[in-house]
1. Give me the percent of accessible area attributable to carbon and sulfur for the chain, probe 1.4 angstrom.
2. Run the helix sum for the chain: -39,500 (n - 2.57) per DSSP H stretch of 4+ residues, divided by residue count, reported at 222 nm to the nearest 500 deg cm²/dmol.
3. Please check: in the Gaussian network model of the chain (C-alpha springs, under 10 Å), which one of His330, His212, His383 has the largest mean-square fluctuation.
4. Rounded to the nearest 0.05, what FRET efficiency do Arg328 and Asp387 have when you use their Cβ-Cβ distance and R0 = 30 Å?
5. Charges only on Cβ, +1 for Lys and Arg, -1 for Asp and Glu: so what's the dipole of the chain about the Cα centre, in debye to the nearest 20?
6. With the dipole of the chain worked out from charges on the C-beta (+1 for Lys and Arg, -1 for Asp and Glu) around the Cα centre, which of Ala215, Ala110, Val58 lies farthest toward the positive end?
7. Averaging sequence separations of C-alpha pairs under 8 Å and six or more residues apart, then dividing by the length of segment 234-348, give the relative contact order as a whole percent.
8. For the chain, what relative contact order do you get, as a whole percent, if you take Cα pairs closer than 8 Å and at least 6 residues apart?
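The values are calculated or read from the model by the stated rules, or taken from the named source; none is laboratory data. Because the structure is predicted, anything quoted here is derived from the model rather than measured. Every residue, glycine as well, gets a Cβ built from its backbone with ideal geometry; the counts of neighbours run over all protein chains shown. Side chains included, ligands, DNA and RNA excluded: accessible areas come from the protein's heavy atoms. Shrake-Rupley method; radii C 1.70, N 1.55, O 1.52, S 1.80 Å.
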Amino acid sequence: MSAPANLLQQADSLKSSNPAQSEELYKQILHTTAEVSQPGSSNGHRDQLLRDQEAALVKLGELYRDHKNAEGLAEVVTLSRSFMSSTAKAKTAKLIRTLLDFFTPIPNSAPTQIRVLKDNIEWAKNEKRIFLKQSLETRLASIYLDTSQFKPALALIDSLLTELRRLDDKMILTEVYLIESRVYRGTGNMPKAKAALTSARTAANSIYCPPHLQAALDLQSGVLHAEDKDYTTAYSYFFETFENMGNQGDEEGSLKALKYMLLCKVMLNLSEDVTSLLSIKLAAKYAQLREVESMRAVARAHQNRNLADFEKALRDYRDELSSDPTIRSHLAALYDTLLEQNLLRIVEPYSVVEVEYVAQQVGQGRQEVEAKLSQMILDKVFHGVLDQGRGCLLVYDELESDNSYGAAIETLGQVGNVVDSLYAKTVKIA
């Protein structure tokens, strides 16, 4: 066994007991293998050293990932360039993607990722590694999206799409169009989000679309249909995504799709279906998770039309319900609807009712209730007037439409037609 192989084995054994020593050994391997290009090295020896270097790079990256060391991982990505120059471009792309994936579990590592990606994109551009550059730019656009930096994301996507259309790389083109759709949805530009998704599906139809990419397209389709309040179609897309990701073993993606499915049931006023949905085979294993429990609490509150329980669910499961912008926006609309229903239930029996009393009954501040009642009157949810001087709401019965005048005008019109007809006949006779 060669010296680097011995060092690699020793470093692996010290990984958990002595991370600092393990780190030094991995770096020593990288230093040793940096000399593989010396004239005295045989091809077999050089290939073995390159394999040891690749293993050391990945192991060192894993070590930094496990210890949440984003800066150390950034250094590993930079160190890997000397190795990349002596390997096949396909292997280079795979290695750098592997190392960049290690950033994902590290909290608050987005700024470091952005810096590392920009640095490596510039390096790939100088080395004329076009496909690697495009892959890194796609990842950078995705991170911009995750950090809500929509303007730089769109600028990067525009330049990337120009290159990809020229090269006609359908796979990356599909991914970039999908990211563009998600970015436009984040900015609230739904027409462009739908157009980008249509382009992504068109590109995907002309190639074999991997299951994970198909699931991502279905998920985005469901999100856009939900934004249009078409929750039935959205549910079908989310169900497709849930099954697809479940079969691939992607538990995080499956859980996200399941939460969206439960959201659709609640928004369709089918809260009673939540329990039966969670009893199906693929969903049963998620039923006790806190993320699913949060949606179950929302469904119970909505089913009982209980605003206090709804607010309690939002407080108790703040992290689970507020971290996802899709769920957050739809629950805000649901809360507004629930508040409206509760106000309507309270004011309907009265012809005059104090605003203060209404506010006490729903457990909200007077100013908020007054603003909501004013909006409901303007939207013609009920007929009434707010008397701010007395602090009262005057509720009127809905006026029945009287069609007498319309019928009279229609009758006069018909009489006019008869007179015109008779006049025409008299003219002919004369």
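1. Details: 11890 of 23220 Å².
Roughly 51 percent, rounded to a whole number.
2. On the way: 22 runs with 324 residues, N = 430.
Value at 222 nm, helices only: -24500 deg cm²/dmol.
3. Result for the chain, Cα springs under 10 Å: His383 fluctuates most.
4. Details: r = 36 Å, r/R0 = 1.20.
My answer for the efficiency is 0.25.
5. On the way: 49 positive and 57 negative charges, 311 e Å.
Here the chain has a charge dipole of around 1500 debye.
6. Val58
7. On the way: 92 pairs, mean separation 22.0, N = 115.
Reported as a whole number, the value is 19 percent.
8. Reported as a whole number, the value is 6 percent.
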